[in-house]
Amino acid sequence: MRRVNYAQLSLFSYYEYFLLLSPGQRIVHKVAAMKNLLAGMIRIPSYNLGSIAHISLMKFQITEDDQSVIRRVTHAVEGFREFDVQLGGAGIFQNGATGTLMLQPANGDRIHRLHGSITAEFNRRRSIRPHITIARNVANEELLKVNLHDFDCHDSFCCNKVTILKKAVEASHYEVLQEVPFIPGRTF
């Protein structure tokens, strides 16, 4: 019988790829101000203050294959036109003893279609609840102290690309690998 050496190092490095939508600097600054306001009101994990506003689409780990990831995302977004995302105010979703304070898109249909196209391209079916996180992993008892109206934001932004981030699994920060643009000309 063959023995397996579990201590043997892999010849291939694993990387984490993160696909997201960026809301633009105006919304990024507004969300950063909301994070600071919240941190002055309640206890939140400190990593929330350094996180830049975005809408997550998909995260996955594979051996390094940048060109394949770029090619597949490009194929998945083929035919998508840039579109406006209207923010519909603040909300909270619970996850056990903690919760997430977030901004919810009022019109998430296009984000869902985009997500469906991308996940189909990567053969990874998973549902999402599109949102921009203000703070995550906040104790529920802290969130009870929050007045959601203090964080309402009914602004909008043009969604015109998917950003692909990449990092080594053991690394702490992502680097921008590629931005894959949509077809110019907004749809409403």
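The numbers here are math on the coordinates, done by the rules we state, and not lab data. From a predicted model like this one, the values you see are computed outputs, not experimental measurements. Methodologically, a virtual Cβ is constructed for each residue, glycine included, from the backbone with ideal geometry; neighbour enumeration extends over all protein chains shown.
Working from label points 7 Å from Cα in the Cα-to-Cβ sense, the Thr98 to Asn137 distance is 0.4 nm. Annotation: amide H-H contacts under 5 Å for Leu177 (H modelled 1.01 Å from N, sequence separation of 5 or more, or interchain): Ile164, Leu165, Lys166.
Lysine pairs in the chain whose alpha-carbon atoms fall under 30 angstrom of each other, counting only those eight or more residues apart or on distinct chains, come to 13.
Under the simplified labelling scheme, the Asp84-Glu179 pair shows an inter-label distance of 2.1 nm, with each label point 7 Å from Cα along Cα→Cβ.
Coupling constants for the stretch 116-128 follow from the phi torsions by the Karplus curve (6.51 cos²θ - 1.76 cosθ + 1.60, θ = phi - 60°), and in residue order they are x, 5, 5, 5, 5, 4, 9, 6, 10, 8, 7, 7, 10 Hz; glycine and proline get x.
To the nearest 20 debye, what charge dipole does the stretch 14-187 have about its Cα centre, counting +1 at the Cβ of each Lys and Arg and -1 at the Cβ of each Asp and Glu?
220
Taking the Cα centre of the stretch 24-98 as reference, the dipole from Cβ charges on Lys and Arg (+1) and Asp and Glu (-1) amounts to some 360 debye.
For the stretch 14-187, report the convex hull volume of the alpha-carbon atoms normalised per residue, in Å³, without decimals. Working shown, then result.
Details: hull volume 20.0 nm³, N = 174.
Measuring per residue, one finds 115 Å³ for the Cα hull of the stretch 14-187.
Projecting the Cα positions of Asn147, Tyr14, Asn107 onto the charge dipole of the chain (unit charges on Cβ atoms of Lys, Arg, Asp and Glu, taken about the Cα centre) puts Tyr14 furthest along the positive direction.
Among the trypsin sites (Lys or Arg not before Pro) in the stretch 118-188, those placed in a DSSP loop whose Cβ has at most 14 other Cβ atoms within 10 Å are Arg124, Arg125, Arg126, Lys145.
Here the Gaussian network model covers the chain, with springs between Cα atoms less than 10 Å apart; of Phe60, Phe12, Phe93, Phe12 fluctuates the most.
The residue among Thr74, Ile134, Asn48 whose Cα reaches farthest toward the positive pole of the charge dipole of the chain, with charges on the beta-carbon of Lys, Arg, Asp and Glu, is Thr74. Per residue, the average separation of C-alpha pairs within less than 8 Å and at least 6 apart gives the stretch 14-187 a relative contact order of 34 percent. With a cut-off of 11 Å on the backbone N, the residues of the stretch 93-122 near the modelled label site 7 Å out from Phe60 along Cα-Cβ are 118-122. On C-alpha positions alone, give me the angle between the axis of helix 25-41 and the longest principal axis of the chain, in degrees, nearest 10. Helix 25-41 and the main axis of the chain meet at about 70 degrees.
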